[in-house]
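Quick notes on the structure that follows.
The values are calculated or read from the model by the stated rules, or taken from the named source; none is laboratory data. Values in this document were obtained by computation on a predicted structure and should not be read as measured data. Please note: Cβ atoms are built from the backbone with ideal geometry, for glycine as well, and neighbour counts cover all protein chains shown. The area values use the complete protein model at the heavy-atom level, side chains included, leaving out ligands, DNA and RNA. Shrake-Rupley method; radii C 1.70, N 1.55, O 1.52, S 1.80 Å.
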Amino acid sequence: MQIFLNGDGADYPDGLTAAQLVDRLELRGKRIAMEVNGEILPRSRYSEHTFNAGDRVEIVHAIGGG
């Protein structure tokens, strides 16, 4: 299935969860926020949320500083 990640279309296996996507992108343990089709996806739902073809996913990194 194709999803759009940060504006770029890419093919992923059917049934891919948000947690699996985080692992594929090597973002586990990093401070990120994920939005799916315009709505924030809580981190507590990453393992249960499965993507659908055509979903638009935005992932941003939180950057600290001071």
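Descriptive notes on the structure:
- The chain - Rg and Dmax from Cα coordinates, angstrom: 11.7, 42
- Total formal charge among the other residues, if their Cβ is under 13 angstrom from that of Ala53, Lys/Arg +1 and Asp/Glu -1: -2
- Computed on the chain, with alpha-carbon pairs under 8 angstrom and 6+ residues apart, the relative contact order is 46 percent.
- Excluding the site residues themselves, the longest part of the chain lacking any GluC sites (Glu not before Pro) in a DSSP loop with at most 11 other Cβ atoms within 10 Å is 1-25.
- Computed over neighbours whose Cβ is under 10 Å from that of Asn37, the net charge equals -3, Lys and Arg +1, Asp and Glu -1.
- Subtracting the Cα-Cα distance of His61 and Asp8 from 0.36 nm times their residue separation leaves 17.4 nm of extension gain.
- Apportionment of accessible area to carbon and sulfur, the chain, percent (1.4 Å): 45 percent
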